[in-house]
Every structure is written in structure tokens, then in C-alpha cells.
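Asker: Just passing along the structure, written as C-alpha cells.
The values are calculated or read from the model by the stated rules, or taken from the named source; none is laboratory data. Note that the structure is a prediction, hence the values are computed from the model and not measured. With ideal geometry, Cβ positions are generated from the backbone for all residues, glycine too; neighbour counts draw on all protein chains shown.
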């Protein structure tokens with residue numbers, strides 16, 4: 001499977017989907033993305049491998065290939081089963097397979113995934129790849145970054161550490177505390193109840209290569225524009241291309257999903 005792979009079955013889809021990826025200033029591409037669309041279900045997953053070139057690429061590839069395998073079994077069910085249970089079980093299986101394959105070697109992958117079914121949005125995430133939801137001209141980050149900052153903020157709010165201790169520990173703030181392949185997934189995000197989508201909503205699933213390189217205000221400006229979804233995806237990538245001439249960038253991979261009228265439930 002390629003680094004980004006789009007699978008469409010049938011026609012008259014409820015969503016538009018665009019995938020983009022760039023190697024940045026790295027020697028190898030450790031990101032992976034996969035999307036699936038049929039007249040009933042839209043799915044996407046974006047992964048950012050970690051732990052060095054060989055292990056990061058392996059981890060993200062296993063995660064995406066496993067997710068595709070599990071999704072194919074899910075969509076074959078008529079009617080589809082419990083989405084939240086499916087995503088929960090899928091996260092567990094991805095973590096198990098990646099950790100088993102890597103063994104004692106360091107590595108793993110972030111993952112953020114969504115399913116759209118019957119006008120409702122479900123998602124999971126592990127690591128710091130993000131899901132953003134664009135609606136009504138505003139952009140909201142729907143997932144948390146599962147890094148040391150998350151733990152530090154909780155400790156600070158609970159009075160377990162002082163502001164000075166927070167500042168001292170912040171140097172390690174971006175270190176991940178959970179990801180696919182860590183074994184057991186100590187922290188993750190999983191939909192408890194689905195979000196009902198609206199026509200015109202845009203979902204952005206992205207590795208940190210995009211949001212650490214481009215300010216959120218610029219991402220928002222591009223999504224607010226009147227361009228097609230494909231043009232919006234290209235404009236985001238154009239920003240990465242320009243930046244590559246002046247700074248060394250990480251791998252960047254993202255999916256854009258736009259809900260059309262058919263993707264909104266009438267219930």
C-alpha cells in the first residue's frame with residue numbers, strides 16, 4: 001500500500017475526500033494515510049510513525065494495513081455494527097499488532113481516525129495527530145495531544161505541582177505519553193457519543209507536520225475560502241512547499257473531508 005491510499009466503492013458519496021502527503025526535509029516518509037468511501041460510510045485514518053526511519057515506517061504501515069483489514073470486515077456487516085465498539089476494538093488491535101511486531105525495539109505511531117455513518121461522526125486518536133472540525137467559519141480541535149503537557153496541565157490544575165515545577169518540566173512537554181504500539185494505550189480519545197454533522201462541515205485529520213509548520217489562523221483562512229476541497233488541500237500543501245525552502249520540515253500528511261447534502265441525516 002502506498003503512503004496515501006484512497007479506496008472508493010460505488011458512486012454518489014456522502015462526502016468529498018482529499019489526501020495529501022509530503023516528505024518534508026526528511027530522508028524517508030514515515031507517515032501513512034488511508035481513506036475509504038462508499039454510498040453509506042466514509043472512513044479515514046492518518047498515522048505518523050516514530051522511533052527512527054525503519055521502525056516508524058513499519059509501525060505506521062502495520063497500523064494502516066490493519067485498520068483497512070478491520071474496516072473491510074466492518075463494512076461487510078449488514079447492517080453495520082456498533083461504531084464506538086468497532087473503533088475501540090480497532091485501537092486495541094492496532095496497538096497489539098504494532099507492539100508485537102516491534103517487540104523490544106523502540107517505535108510506534110500516532111493515529112487519528114474518523115467514521116461518518118448516517119450523518120454522525122465518530123473518531124479515535126492516540127498520540128498527537130489531530131482532528132479539527134471546521135463549521136460556520138470556525139475551526140475547533142476535537143482531539144487532545146497525548147503528550148507530557150497533557151499530564152503536566154492535569155497535575156497543575158489538581159494542585160499536584162507548582163507553576164515553577166510546570167515551567168521546569170515543560171522542556172519535555174511535547175514527548176508523547178501514548179501512541180499506537182506503546183502497549184496498553186494509557187491515554188487515548190474515543191467518541192462516547194457521535195457528533196451530528198452538517199452540510200458544509202470540513203474535517204481535517206493531520207500529522208503534526210502540518211499544524212507545527214502552519215499557524216492555525218492560516219489553516220482557517222484557507223478553509224474559509226470559496227475554493228473546491230481539492231484546491232483547499234493543494235493550498236495547504238503549497239504552504240508546506242514554500243516553507244521547505246527555508247526550514248527543515250517534518251513529514252506532513254493530512255486528509256480533508258467535506259460533508260455534502262447526502263451525508264446529512266434526515267432524522
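Asker: What number of residues in region 209-231 are within 22 Å of residue 47 (Cβ to Cβ) and out of contact with any strand residue (DSSP E or B) (no Cβ under 8 Å at 6 or more places or on another chain)?
Answerer: Going through region 209-231, the residues within 22 Å of residue 47 (Cβ to Cβ) turn out to be 209-214, 216, 219, 229.
Within this subset, residues satisfying the condition of being out of contact with any strand residue (DSSP E or B) (no Cβ under 8 Å at 6 or more places or on another chain) are 212, 214.
The number of residues fulfilling the criteria is 2.
Asker: Hey, among 137, 127, 103, 119, which residue is without any contact (Cβ under 8 Å) to a residue 24 or more places away in the chain and at positive phi? Before you say what the answer is, go through the steps one by one.
Answerer: Numbers: 137 fails: without any contact (Cβ under 8 Å) to a residue 24 or more places away in the chain; 127 fails: without any contact (Cβ under 8 Å) to a residue 24 or more places away in the chain; 119 fails: without any contact (Cβ under 8 Å) to a residue 24 or more places away in the chain.
Every option except 103 fails the conditions.
Asker: With the checklist (1) surrounded by fewer than 21 Cβ atoms within 10 Å (Cβ to Cβ); (2) closer than 30 Å to residue 241 by Cα; (3) in contact with a helix residue (DSSP H, G or I) (Cβ under 7 Å, 6 or more places away or on another chain) in hand, flag the one item residue 93 doesn't pass.
Answerer: Going through the list (1) surrounded by fewer than 21 Cβ atoms within 10 Å (Cβ to Cβ); (2) closer than 30 Å to residue 241 by Cα; (3) in contact with a helix residue (DSSP H, G or I) (Cβ under 7 Å, 6 or more places away or on another chain), residue 93 breaks only (2).
Asker: Name the residues in region 120-150 that are more than 17 Å from the chain's Cα centre (by Cα) and either crowded, with 19+ Cβ neighbours inside 10 Å or assigned to a strand (DSSP E or B) (or both), would you?
Answerer: Step one: of region 120-150, the residues more than 17 Å from the chain's Cα centre (by Cα) are 120, 135-138, 148-150.
120, 135, 138, 149, listed by residue number.
Asker: Let me ask something else. Cβ-Cβ below 9 Å, separation at least six or inter-chain, first residue in region 162-173 and loosely packed, with under 11 Cβ neighbours inside 10 Å, second in a helix (DSSP H, G or I): which pairs?
Answerer: 163/156
Asker: Among the residues of region 174-205, which ones are touching a strand residue (DSSP E or B) at 6+ places or on another chain (Cβ under 8 Å) and without any contact (Cβ under 8 Å) to a residue 60 or more places away in the chain?
Answerer: Of all residues in region 174-205, those touching a strand residue (DSSP E or B) at 6+ places or on another chain (Cβ under 8 Å) come to 174-182, 185, 187-191, 194-205.
Once the filter is applied, which keeps residues that are touching a strand residue (DSSP E or B) at 6+ places or on another chain (Cβ under 8 Å) and without any contact (Cβ under 8 Å) to a residue 60 or more places away in the chain, region 174-205 yields 174, 175, 177, 178.
Asker: Taking only region 101-118 into account, find how many residues are over 16 Å from residue 75 (Cα atoms) and either touching a helix residue (DSSP H, G or I) at 6+ places or on another chain (Cβ under 7 Å) or at pLDDT 95 or above (or both). Steps first, please.
Answerer: At the first step, the residues of region 101-118 found to be over 16 Å from residue 75 (Cα atoms) are 101-112.
When the remaining residues are screened for being either touching a helix residue (DSSP H, G or I) at 6+ places or on another chain (Cβ under 7 Å) or at pLDDT 95 or above (or both), the result is 101-102, 105-112.
Residues in region 101-118 being over 16 Å from residue 75 (Cα atoms) and either touching a helix residue (DSSP H, G or I) at 6+ places or on another chain (Cβ under 7 Å) or at pLDDT 95 or above (or both): 10 in total.
Asker: Turning to a different aspect of this structure: Looking only at region 206-216, count how many residues are closer than 19 Å to residue 227 by Cβ and either surrounded by 20 or more Cβ atoms within 10 Å (Cβ to Cβ) or touching a residue at least 60 places away in the same chain (Cβ under 8 Å) (or both).
Answerer: Qualifying residue count for the region: 3.
Asker: OK, next. Just one of the numbered conditions (1) touching a strand residue (DSSP E or B) at 6+ places or on another chain (Cβ under 7 Å); (2) under 28 Å from residue 222 (Cα atoms) is not true of residue 136; which one?
Answerer: (1)
Asker: Can you find, within region 79-95, the residue that is nearest to residue 261 (Cα to Cα) among those that are in contact (Cβ under 8 Å) with a residue 40 or more places away in the chain and part of a helix (DSSP H, G or I)?
Answerer: Initially, region 79-95 is screened for residues in contact (Cβ under 8 Å) with a residue 40 or more places away in the chain, giving 80, 83-84, 87-88, 91-92, 94-95.
Narrowing further to those that are part of a helix (DSSP H, G or I): 83-84, 87-88, 91-92, 94-95.
Numbers: 83: 22, 84: 24, 87: 25, 88: 29, 91: 30, 92: 34, 94: 33, 95: 35 Å.
The selected residue is 83.
Asker: Can you find, within region 30-52, the residue that is modelled with the lowest pLDDT among those that are under 11 Å from residue 207 (Cβ atoms) and either over 17 Å from the mean Cα position of the chain (by Cα) or part of a strand (DSSP E or B) (or both)? Show your work before the answer.
Answerer: Kept after step one, since they are under 11 Å from residue 207 (Cβ atoms), are these residues of region 30-52: 30-33, 46-50.
Then keep just the ones that are either over 17 Å from the mean Cα position of the chain (by Cα) or part of a strand (DSSP E or B) (or both); that gives 31-33, 46-50.
Numbers: 31: 95, 32: 96, 33: 98, 46: 98, 47: 97, 48: 96, 49: 94, 50: 89.
Out of the qualifying residues, it is 50.
Asker: Between 27, 65, 57, which is surrounded by fewer than 22 Cβ atoms within 10 Å (Cβ to Cβ), out of contact with any strand residue (DSSP E or B) (no Cβ under 6 Å at 6 or more places or on another chain) and part of a helix (DSSP H, G or I)?
Answerer: Being surrounded by fewer than 22 Cβ atoms within 10 Å (Cβ to Cβ), out of contact with any strand residue (DSSP E or B) (no Cβ under 6 Å at 6 or more places or on another chain) and part of a helix (DSSP H, G or I) holds for just one of 27, 65, 57, which is 65.
Asker: Just checking, how many residues over region 166-202 are touching a helix residue (DSSP H, G or I) at 6+ places or on another chain (Cβ under 8 Å) and assigned to a loop (DSSP other than H, G, I, E, B)?
Answerer: 16
Asker: Let me ask you something else. Among the candidates 247, 242, single out the residue that is without any contact (Cβ under 8 Å) to a residue 12 or more places away in the chain and either surrounded by fewer than 16 Cβ atoms within 10 Å (Cβ to Cβ) or not in a loop (DSSP other than H, G, I, E, B) (or both). Please lay out each step first, then the result.
Answerer: Numbers: 247 fails: without any contact (Cβ under 8 Å) to a residue 12 or more places away in the chain.
Testing whether each residue is without any contact (Cβ under 8 Å) to a residue 12 or more places away in the chain and either surrounded by fewer than 16 Cβ atoms within 10 Å (Cβ to Cβ) or not in a loop (DSSP other than H, G, I, E, B) (or both) leaves just 242.
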